[in-house]
Amino acid sequence: MAIDVVPEREAVLARTSSPRLEPFGYVCHRCLRCCYHKGIQVNPYEVARLARNRGLTTSEFRAAWTADGAGLVLAQTESGACVFLGSEGCTVHPDRPLVCRLYPLGRHVSADGTETYSHAELHPQSRGEFI
Ligand code: SF4
């Protein structure tokens, strides 16, 4: 089974066959725009961590904080913000999903185990910088 860890609806700009050998740099300026309008998929391990973070069972967590999208995804507010986005940033930062940890890199593992990475397209008004 192929695995893609990349924000849903993010455009893939480039892929490489030897990502671990290729330099990559990104500076986040905490504008928080990257946490809007993303389908943040969560796997069972991530659900367990987030549920513990919230003091809930995994069933309670799924009912309260997720939605059905392309797989199980974190819910969004009416403005399109991730439900865990607070005024100072991510409110579950220590337990945030892998896709958030890697952003703006997307990780792809093909059925044969080949790993590649892509660069996600940033929000048009993002203050983040590729360096
Ligand atoms: S889990 Fe945190 S880092 Fe990930 S989209 Fe939500 S607020 Fe942003």
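The values are calculated or read from the model by the stated rules, or taken from the named source; none is laboratory data. No experiment lies behind these values; they were computed from the predicted model shown. Here Cβ is always computed from backbone atoms with ideal geometry, including for glycine, and neighbour counts include all displayed protein chains. To get the accessible areas, we keep the full protein, side chains included, count just its heavy atoms, and leave off ligands, DNA and RNA. Shrake-Rupley method; radii C 1.70, N 1.55, O 1.52, S 1.80 Å.
List of remarks:
- Residue count for segment 88-113 under the criterion of being of a type in the set (Ser, Thr, Tyr) and within 11 Å of the ligand (Cβ to nearest atom): the result is 2.
- Number of residues in segment 56-79 that are open to solvent by 70 Å² or more (accessible area, probe 1.4 Å) and either within 14 Å of the ligand (Cβ to nearest atom) or of a type in the set (Phe, Trp, Tyr) (or both) equals 1.
- Whether a residue is among the aliphatic types (A, V, I, L, M), buried (at least 16 other Cβ atoms within 10 Å of the Cβ) and more than 13 Å from the ligand (Cβ to nearest atom) was assessed, and Leu85 does not pass this test.
- The condition of being crowded, with 16+ Cβ neighbours inside 10 Å, near the ligand (Cβ under 10 Å from one of its atoms) and of a type in the set (Phe, Trp, Tyr) does not hold for Tyr36.
- When Thr116 is tested against (1) under 30 Å from Leu21 (Cβ atoms); (2) more than 10 Å from the ligand (Cβ to nearest atom); (3) free of Cβ contacts under 8 Å to residues at least 12 places away in the same chain, only condition (3) is not met.
- Among the residues of segment 89-109, those identified as surrounded by fewer than 16 Cβ atoms within 10 Å (Cβ to Cβ) and more than 19 Å from Val47 (Cα to Cα) are Gly89, Val109.
- Arg15 meets the stated requirement of being modelled with pLDDT under 95 and part of a strand (DSSP E or B).
- Among the residues of segment 88-107, those that are more than 13 Å from the chain's Cα centre (by Cα) and not acidic (Asp, Glu) comprise Gly89, Thr91, Pro94.
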